[in-house]
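Asker: Quick one: the structure is below, and I'll ask about it shortly.
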Amino acid sequence: MEDFPIEKNQELEVTIVDLTHLGMGIAKIEGYPIFIENALPQEKVRIRVLKVGKKFGFGKVLTLIQESPYRQAVENEDLLRTGVAPLSHLQYKQQLEFKQEQVKNVIVKTAKMPDIQVKDTIGMEQPFGYRNKAQIPVRKIDGVLQTGFYRKNSHELVPLDHFYIQDPAIDAAIVVIREILQQFEVKVYNEKNNSGFLRHIVIRRGYQTHEMMVVLVTRKEHFFQGEKIAQKIQEKLPEVVSIIQNINPKQTNVILGAEEKVLLGRNFIYDQLLGKTFRISAKSFYQVNTQQAEVLYQKAFDLADLKKSDVVVDAYSGIGTIGLSLADQVAHVYGMETIKQAVVDAQENAKLNDINNAEYIAGKAGTIMPQWQKEGIQPNVIFVDPPRKGLDQSFIETTCEMNPEKIVYISCNPATMARDLKVFAESGYFTDSIQPVDLFPQTHHVETVMVLQKH
Ligand SMILES: C[S@@+](CC[C@H](N)C(=O)[O-])C[C@H]1O[C@@H](n2cnc3c(N)ncnc32)[C@H](O)[C@@H]1O
């Protein structure tokens, strides 16, 4: 048997020395780390050991003996337990510093580029109520249809009405929809045996337009009284312009299935971002924090310092928010994106805003970029905004071969961003500084933006 300095169920008094990148407190016993929820650096806490793993353990706070000066009251501890707002017990200024530190860590440890300056994180004045989208699981608890969120690392639903980081109009809408679904006695999904009907409620609300989309995710297609339910929802929530049934028969953690049906109204909503109008379909990506997305994109445009003669690539383009926002400052925009619905949105969005110099096609960045290279397209500014897994390695190679003046990298995952910086460096592309922007207050997530140029 291996020897550990602690054992399961042991009670200990510990001092928190740091936070993990997920926002859990770290205490060390003879160098062995214990991760503890709802515990902040400098705090003294009495804990019970929950789990002893090979490299680290987990503990639960029994008593808070000495509080951090940076602790703030949490509206509801379920916000921490569920991971909806896992940093909401830490004052906002310290949250911003924590995020800057996370970026510095990966730049030193992963990219091994300690000379890059990591700027102060740009935060929000009101860092709550910002999310324009909710994806809420529906489960039956004690015979009643409930909405809420999963307890961290589990699929146990914790009922929750106030999500704190979501647009309050979305929180209120979920309660109204839940009551209607209860009245109509809609059957609820049971993921243990993949039975039942209603799995998730997804809501989007335009930050500027206040148009609302409701997506009811079901296991099967036949929706008894589906249209009647949709009418009732619209009657109670006049902002709703789109109600969609999405069908997901699979036993999976992926929320949306392939097929969808419009139950009421359109299959998209409109919103405005940086003065342009965008339509957004159910499956299309749209930044969940519209206000901070504007700050982030504006930073990206400032770093690009665009000229009228520029040929721009908008890679991983979603509904075209980046490329279409800058199209009138440049000669031409080429965008690519894998989700077909999002590409159609981007094409329609170009028309909607009278933009004639932007084209969007469906496909993977790693496939489309070599195709454009063969066609002789010579971009001088390339914007990349990949998902959390970062850039495809072949995409980076082709991008560098195309020899652009600037590559503007927007990232939602510092770890993969740092990995990719090393690959760019092999082809001579470097950055001097990185700007973190807080798009996800009260959570551990952070966005960064930078410009890479040949040195
Ligand atoms: C972080 S989002 C950015 C979207 C858009 N730039 C925006 O700001 O709204 C990343 C996008 O990349 C798309 N995507 C994922 N993998 C891709 C790939 N291999 N090639 C192209 N697009 C991809 C996703 O569907 C998603 O729309």
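Asker: Report yes if Q100 is touching a residue at least 40 places away in the same chain (Cβ under 8 Å) and not aliphatic (A, V, I, L, M), otherwise no. Give the derivation first.
Answerer: On the way: touching a residue at least 40 places away in the same chain (Cβ under 8 Å): yes; not aliphatic (A, V, I, L, M): yes.
Yes: the conditions hold for Q100.
Asker: Taking A425 as meeting all but one of (1) in a helix (DSSP H, G or I); (2) within 13 Å of the ligand (Cβ to nearest atom); (3) small (G, A, S), write down the number of the exception.
Answerer: The failed condition is (2).
Here is a yes/no grid of residues against (1) farther than 30 Å from M124 by Cβ; (2) touching an Asp or Glu at 6+ places or on another chain (Cβ under 8 Å); (3) of a type in the set (V, I, T):
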{"site": "V384", "(1), (2), (3)": "no, no, yes"}
{"site": "E401", "(1), (2), (3)": "yes, no, no"}
{"site": "S411", "(1), (2), (3)": "no, yes, no"}
{"site": "P414", "(1), (2), (3)": "no, no, no"}
{"site": "R419", "(1), (2), (3)": "no, no, no"}
{"site": "E426", "(1), (2), (3)": "yes, no, no"}
{"site": "T431", "(1), (2), (3)": "no, no, yes"}
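Asker: Looking for something more than 15 Å from the ligand (Cβ to nearest atom), part of a helix (DSSP H, G or I) and closer than 24 Å to A282 by Cβ - is there at least one such residue anywhere in segment 352-360?
Answerer: Within segment 352-360, one or more residues are more than 15 Å from the ligand (Cβ to nearest atom), part of a helix (DSSP H, G or I) and closer than 24 Å to A282 by Cβ.
This table checks each residue for (1) in contact (Cβ under 8 Å) with a residue 40 or more places away in the chain; (2) part of a helix (DSSP H, G or I); (3) touching a strand residue (DSSP E or B) at 6+ places or on another chain (Cβ under 6 Å).
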residue	(1), (2), (3)
L264	no, no, yes
S284	yes, no, no
K299	yes, yes, yes
D302	no, yes, no
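Asker: Right, another one. Of all strands (runs of 3 or more DSSP E) completely enclosed by segment 12-92, which ones contain at least 1 residues that are assigned by TED's automatic domain parsing to the domain that holds Q442 and loosely packed, with under 14 Cβ neighbours inside 10 Å? Break it down stepwise before answering.
Answerer: On the way: elements: 25-29, 32-36, 44-52, 57-66.
Because the criterion is at least 1 residues that are assigned by TED's automatic domain parsing to the domain that holds Q442 and loosely packed, with under 14 Cβ neighbours inside 10 Å, no strands (runs of 3 or more DSSP E) in segment 12-92 meet it.
Asker: Take the residues of segment 371-380 that are in a helix (DSSP H, G or I) and either of a type in the set (G, A, S) or open to solvent by 40 Å² or more (accessible area, probe 1.4 Å) (or both): which is farthest from the ligand (Cβ to nearest atom)? Break it down stepwise before answering.
Answerer: Quick first cut of segment 371-380, residues in a helix (DSSP H, G or I) only: 371-374.
Filter once more, so that each one left must be either of a type in the set (G, A, S) or open to solvent by 40 Å² or more (accessible area, probe 1.4 Å) (or both): 371, 373-374.
On the way: Q371: 12, Q373: 15, K374: 17 Å.
Per the stated criteria, the residue is K374.
Asker: Which residue out of D120, D115 is assigned to a loop (DSSP other than H, G, I, E, B), at pLDDT 95 or above and more than 26 Å from M24 (Cβ to Cβ)? Can you show your working first?
Answerer: Numbers: D120 fails: more than 26 Å from M24 (Cβ to Cβ).
Of D120, D115, the one residue that is assigned to a loop (DSSP other than H, G, I, E, B), at pLDDT 95 or above and more than 26 Å from M24 (Cβ to Cβ) is D115.
Asker: Here's a follow-up. Does Y360 satisfy the criteria of being on the phi > 0 side of the Ramachandran plot, open to solvent by less than 50 Å² (accessible area, probe 1.4 Å), at pLDDT 95 or above and not assigned by TED's automatic domain parsing to the domain that holds V217?
Answerer: On the way: on the phi > 0 side of the Ramachandran plot: no; open to solvent by less than 50 Å² (accessible area, probe 1.4 Å): yes; at pLDDT 95 or above: yes; not assigned by TED's automatic domain parsing to the domain that holds V217: yes.
Judged against the criteria, Y360 is not a match.
Asker: Checking I339 against (1) open to solvent by 10 Å² or more (accessible area, probe 1.4 Å); (2) away from the ligand (no atom under 14 Å from the Cβ); (3) in contact (Cβ under 8 Å) with a residue 12 or more places away in the chain, which test does it fail?
Answerer: Going through the list (1) open to solvent by 10 Å² or more (accessible area, probe 1.4 Å); (2) away from the ligand (no atom under 14 Å from the Cβ); (3) in contact (Cβ under 8 Å) with a residue 12 or more places away in the chain, I339 breaks only (2).
Asker: Here's something else I'd like to know. Restricting to segment 385-401, name every residue that is more than 9 Å from the ligand (Cβ to nearest atom) and either farther than 21 Å from L326 by Cα or under 22 Å from the mean Cα position of the chain (by Cα) (or both).
Answerer: Just the residues of segment 385-401 that are more than 9 Å from the ligand (Cβ to nearest atom), to begin with: 390, 393-394, 396-401.
Selection gives G390, Q393, S394, I396, E397, T398, C400, E401.
Asker: Tell me which residues, restricted to segment 419-430, are under 22 Å from Y297 (Cβ atoms) and touching a helix residue (DSSP H, G or I) at 6+ places or on another chain (Cβ under 7 Å). Don't jump to the end; show me each part of the working.
Answerer: Residues of segment 419-430 that are under 22 Å from Y297 (Cβ atoms), as a first pass: 420-421, 424, 429.
Once the filter is applied, which keeps residues that are under 22 Å from Y297 (Cβ atoms) and touching a helix residue (DSSP H, G or I) at 6+ places or on another chain (Cβ under 7 Å), segment 419-430 yields D420, F424, Y429.
Asker: Let me ask you something else. Say we look at segment 275-293 and pick out the residues that are within 11 Å of the ligand (Cβ to nearest atom) and open to solvent by 30 Å² or more (accessible area, probe 1.4 Å); which of these is farthest from F128 (Cα to Cα)?
Answerer: Here is the first cut: in segment 275-293, the ones within 11 Å of the ligand (Cβ to nearest atom) are 278, 280, 283-288, 290, 293.
Pick out the ones that are also open to solvent by 30 Å² or more (accessible area, probe 1.4 Å) and you get 283, 285.
Details: K283: 25, F285: 21 Å.
Among those residues, the one meeting the criterion is K283.
Asker: Considering segment 103-112 alone, what residues qualify as being open to solvent by less than 30 Å² (accessible area, probe 1.4 Å) and in a helix (DSSP H, G or I)? Explain how you work it out, then say what you get.
Answerer: Initial filter on segment 103-112 (open to solvent by less than 30 Å² (accessible area, probe 1.4 Å)): 103, 106-107, 111.
Listed by number, the residues that qualify are V103, V106, I107.
Asker: Within segment 168-195, which residues are at pLDDT 95 or above and basic (K, R)?
Answerer: R178, K187
The values are calculated or read from the model by the stated rules, or taken from the named source; none is laboratory data. Since this is a predicted model, take the numbers as computed values, not measurements. Quick reminder, even Gly has a Cβ in these numbers, built from the backbone with ideal geometry, and neighbours come from all protein chains shown. Accessible surface areas use protein heavy atoms only, side chains included; no ligands, DNA or RNA. Shrake-Rupley method; radii C 1.70, N 1.55, O 1.52, S 1.80 Å.
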